[in-house]
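So the structure is just underneath, and the comments pick up after that.
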Amino acid sequence: MTTLANIAYPIKKDQEEALVAYFKELIQTRTNLNLLRTKFEICDRIVAREPKKGERRLEVTAPIVMPQADTMVAYLTSIFLNTPSIFPVTTTPDAQEIADSVNTLFKSFARDWKWKRNLLLCFKDASKYDLLAAECTWREVKVGTIGSETVVTNNSVQRTMAETVKRGFSITHLDPYNTFWDTSVPAALLAEEGEFAGYFERKSSIQLHKYLLSLPINNGYNHRLREIKDSQNSCGNYYTPNIVDYDPTTGITNWDSHFDSMLNVATGASNSHEVTTVYCRIVPADFSMEVPAKGTPQIWKFVVVNMKYIVYAECKSNAHDYLPIILGQPFESNLKYQQKALPEELATLQDLASKLWSMEVESSRRIVSNREVYNPLLVRSEDINNPSPTAKIALRNAAYNQDIRQAVYSIPYNDPAIGTRSSLAQGIAQFASIVTGQNQVSNGQFVKGNKTNDQFNEVLSRSDARQVAMAVLLEDQFFGVLKHILLYDLLQYQQPMKVFDLDSKQEIEVAPEKFLDTAIEFTINDSLSLGEDNVSPDTIMVAMQTMQSLPQLAQQYDIGKVFAFMMNKSGLKHLEQFLITQPPQVTPEQQIAGTVQQPPTGNAANSPVDEAQYQQQVTQALGAIDGNQVPPTGGEPAGSVPQ
């Protein structure tokens with residue numbers, strides 16, 4: 001692992017040619033892009049209920065795959081995006097203030113870099129392709145802000161514009177169609193063991209110019225900016241899937257392809273540029289790069305325009321030594337990239353149910369409008385095919401004095417299976433729930449039954465076991481790596497600052513120098529358990545009644561903490577914000593001694609009888625607490641405690 005800082009280096013012409021040739025070889029021979037894109041397009045067509053290329057659109061396409069995929073997205077959202085900071089941390093009680101500052105900082109990152117949107121898009125990819133990809137790295141971006149100076153313009157006073165740098169941890173969703181990586185390693189191990197990963201983007205000339213200006217100035221592109229902008233995009237690596245074809249019967253148009261073709265015709269191909277970002281492990285000496293530790297494998301970031309010009313080259317000296325692109329597979333198995341995605345598993349069921357529904361609709365239409373045979377010498381075809389249900393039919397002159405039943409004859413039609421195909425299609429649709437492990441309640445549908453609330457809740461609590469297993473796998477392979485990179489980048493790059501906390505309505509001071517001396521760990525999501533740690537409402541009710549009926553429990557347990565623990569397990573979070581400052585707790589012996597009748601003052605206080613009676617009351621009360629019955633004096637029954 002190198003100890004270099006993240007510094008951008010200028011690339012010479014011969015180095016640029018060698019690196020570009022290396023990138024082309026990687027993309028063509030070690031990515032399987034064409035096979036993966038074919039799989040993604042098939043899955044998208046299934047979810048969108050579009051027919052395969054060259055096939056006729058059915059009368060009805062049953063919505064089987066799309067609801068199952070959306071339910072999976074909703075479940076993952078409820079598991080991983082249910083807190084404001086997304087990745088809450090905890091630490092020792094005496095350093096809780098530091099953990100609070102980190103959580104506040106993560107809330108700020110989530111807002112500034114749109115963590116929830118990008119992760120939600122990743123979940124949608126996971127439900128469709130069994131694959132999700134994200135770029136997770138520390139970023140510094142120049143942004144505009146309001147300056148402190150004022151100017152007078154058109155008799156009005158306004159503040160000047162200023163420039164500042166926005167720093168933070170960015171989570172960016174990557175389009176699987178335009179993401180490439182080292183497929184020789186499993187998807188879950190790409191960041192740790194993969195050799196390269198990257199993605200393609202399409203930018204116009206203005207977008208490219210703006211993007212180049214945002215890069216550091218020492219990357220060597222300034223002297224050939226006009227040459228780069230005038231270059232032709234001839235590599236063709238960026239891919240736009242053709243999912244929704246234009247259909248004259250429905251009027252649906254693939255607007256992406258439509259506007260792309262208009263753009264190329266109107267402005268020429270030079271207006272569209274392909275920008276390729278590549279993260280790879282290289283030995284700089286292999287490319288004649290004169291950099292420190294050039295004989296050591298290092299992680300570098302390269303930005304290439306039109307697969308010809310390297311406009312940015314940066315050595316990534318992250319402490320974690322991971323590639324910043326993370327992949328995940330929610331249904332990972334030993335089949336690796338051959339594992340079927342959710343739409344592929346349900347495609348047969350959706351096709352069969354769609355054909356049954358289409359047959360039912362066509363049969364019903366056939367019954368309503370029977371096929372007829374008519375004599376064109378007796379009636380006109382325009383009258384027969386008149387769409388008006390009340391239109392009159394005029395006979396031709398040749399039909400006079402003849403039996404009009406000879407003019408038109410309806411062919412009898414009888415379908416004994418009418419009404420049964422729809423029931424069969426509904427039964428096939430239920431197979432989808434068996435395949436995915438979901439049920440109608442998880443899909444938001446009401447299920448009428450005769451179960452009690454307890455029986456229903458018990459069945460429902462066990463119905464998501466398979467989805468929990470999927471989330472556990474995703475937590476370990478994707479979010480575990482993401483949290484590892486996030487924590488290391490935070491410790492390595494975070495600067496001292498103040499962040500406003502919306503919950504506490506105050507500014508929180510972020511002191512990175514204290515992070516290294518504090519044991520910071522991410523909290524474990526309770527929702528990733530299979531239900532054995534969850535507390536049901538009935539259990540909470542019984543526990544509260546027991547604590548009220550047995551005061552001895554209050555002397556052995558902290559009732560307030562027990563209550564907060566049960567509420568937390570049942571789903572009620574953040575009870576700590578309602579805590580009040582408690583006075584120092586007294587021991588049971590001190591409490592009993594304070595409630596027992598004190599010896600009278602004055603002369604009677606020195607009486608041996610009163611002092612003995614006082615000691616006897618204390619001894620009997622303590623004996624009752626410990627479970628030992630002290631025989632009282634004075635004729636009281638054994639086992640009784642003086643009131």
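The values are calculated or read from the model by the stated rules, or taken from the named source; none is laboratory data. Fair warning: this is a prediction, and the values are worked out from it, not measured in the lab. Counting neighbours? That spans all protein chains shown, and the Cβs are built from the backbone with ideal geometry, glycine included. Accessible surface areas use protein heavy atoms only, side chains included; no ligands, DNA or RNA. Shrake-Rupley method; radii C 1.70, N 1.55, O 1.52, S 1.80 Å.
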Report the residue count in segment 405-432 for those that are loosely packed, with under 12 Cβ neighbours inside 10 Å and part of a helix (DSSP H, G or I). 4
Does segment 58-67 contain at least one residue that is of a type in the set (D, E, K, R) and at pLDDT below 95? yes
Among the residues that make up segment 22-41, is at least one of them surrounded by fewer than 16 Cβ atoms within 10 Å (Cβ to Cβ), assigned to a helix (DSSP H, G or I) and touching a helix residue (DSSP H, G or I) at 6+ places or on another chain (Cβ under 7 Å)? yes
So, THR38, is that one without any contact (Cβ under 8 Å) to a residue 60 or more places away in the chain, of a type in the set (Ser, Thr, Tyr), under 30 Å from GLU195 (Cβ atoms) and out of contact with any Lys or Arg (no Cβ under 6 Å at 6 or more places or on another chain) or not? yes
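Among ALA391, ALA319, which is surrounded by fewer than 17 Cβ atoms within 10 Å (Cβ to Cβ), in a loop (DSSP other than H, G, I, E, B) and in contact (Cβ under 8 Å) with a residue 40 or more places away in the chain? Talk me through it step by step, then tell me what you get.
Working: ALA391 fails: in contact (Cβ under 8 Å) with a residue 40 or more places away in the chain.
Answer to the selection: ALA319.
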Odd one out for ILE86, checked against (1) surrounded by 19 or more Cβ atoms within 10 Å (Cβ to Cβ); (2) assigned to a helix (DSSP H, G or I): (2)
Within segment 330-350, residues assigned to a helix (DSSP H, G or I) and in contact with a Ser or Thr (Cβ under 9 Å, 6 or more places away or on another chain) come out as LYS336, TYR337, LEU342, PRO343, GLU345, LEU346, GLN350
Among residues of segment 328-382 being β-branched (Val, Ile, Thr) and farther than 23 Å from ILE64 by Cβ, the residue most open to solvent (accessible area, probe 1.4 Å) is VAL368
Let me spell it out: the conditions are (1) small (Gly, Ala, Ser); (2) surrounded by fewer than 17 Cβ atoms within 10 Å (Cβ to Cβ); (3) touching a residue at least 12 places away in the same chain (Cβ under 8 Å), and ALA62 meets all of them except one. Which number is the exception? (2)
Out of the residues in segment 512-564 that are in contact with a Pro (Cβ under 7 Å, 6 or more places away or on another chain) and either at pLDDT below 80 or in a loop (DSSP other than H, G, I, E, B) (or both), which is nearest to ALA469 (Cα to Cα)? THR523
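Would a scan of segment 46-54 turn up a residue that is open to solvent by 10 Å² or more (accessible area, probe 1.4 Å) and not in a loop (DSSP other than H, G, I, E, B)?
yes
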What's the number of the condition ARG57 fails, among (1) over 23 Å from ALA134 (Cβ atoms); (2) of a type outside the set (Val, Ile, Thr); (3) assigned to a helix (DSSP H, G or I)? (3)
Counting only residues that are part of a strand (DSSP E or B) and under 16 Å from TYR22 (Cβ atoms), segment 268-311 contains a total of 16
Could you list, in sequence order, all residues of segment 134-177 that are touching an Asp or Glu at 6+ places or on another chain (Cβ under 7 Å) and under 20 Å from LEU474 (Cβ atoms)? PHE169, THR172, LEU174, PRO176
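Where in segment 438-494 are the helices (runs of 4 or more DSSP H), entirely inside, with at least 3 residues that are at pLDDT 90 or above?
Where helices (runs of 4 or more DSSP H) fall fully within segment 438-494 and carry at least 3 residues being at pLDDT 90 or above, they are 465-474, 480-493.
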Any residue in segment 498-523 that's farther than 13 Å from LYS107 by Cα and open to solvent by less than 70 Å² (accessible area, probe 1.4 Å): show its pairings with residues that are among the hydrophobic types (A, V, I, L, M, F, W, C) and in a loop (DSSP other than H, G, I, E, B) at Cβ separation under 6 Å, as long as the two are six or more apart or on different chains. PHE522/PHE87
Given the criteria open to solvent by 70 Å² or more (accessible area, probe 1.4 Å), over 22 Å from GLN339 (Cβ atoms), touching a strand residue (DSSP E or B) at 6+ places or on another chain (Cβ under 7 Å) and touching a residue at least 12 places away in the same chain (Cβ under 8 Å), does ILE7 qualify? yes
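Residues checked against (1) touching a Phe, Trp or Tyr at 6+ places or on another chain (Cβ under 9 Å); (2) within 29 Å of ALA417 (Cβ to Cβ):
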position	(1), (2)
GLN339	yes, no
LEU356	no, yes
VAL361	no, yes
VAL379	no, no
Test: ASN386 is in a loop (DSSP other than H, G, I, E, B) and either open to solvent by less than 80 Å² (accessible area, probe 1.4 Å) or modelled with pLDDT of 85 or more (or both): yes
Any residue at all in segment 367-377 that's assigned to a loop (DSSP other than H, G, I, E, B) and touching a Ser or Thr at 6+ places or on another chain (Cβ under 9 Å)? yes
In this structure, does ALA74 turn out to be open to solvent by less than 70 Å² (accessible area, probe 1.4 Å) and either in contact with a Pro (Cβ under 6 Å, 6 or more places away or on another chain) or farther than 25 Å from ARG117 by Cα (or both)? no
Members of segment 114-134 found to be touching a Phe, Trp or Tyr at 6+ places or on another chain (Cβ under 8 Å) and open to solvent by 20 Å² or more (accessible area, probe 1.4 Å), listed by number: LYS128
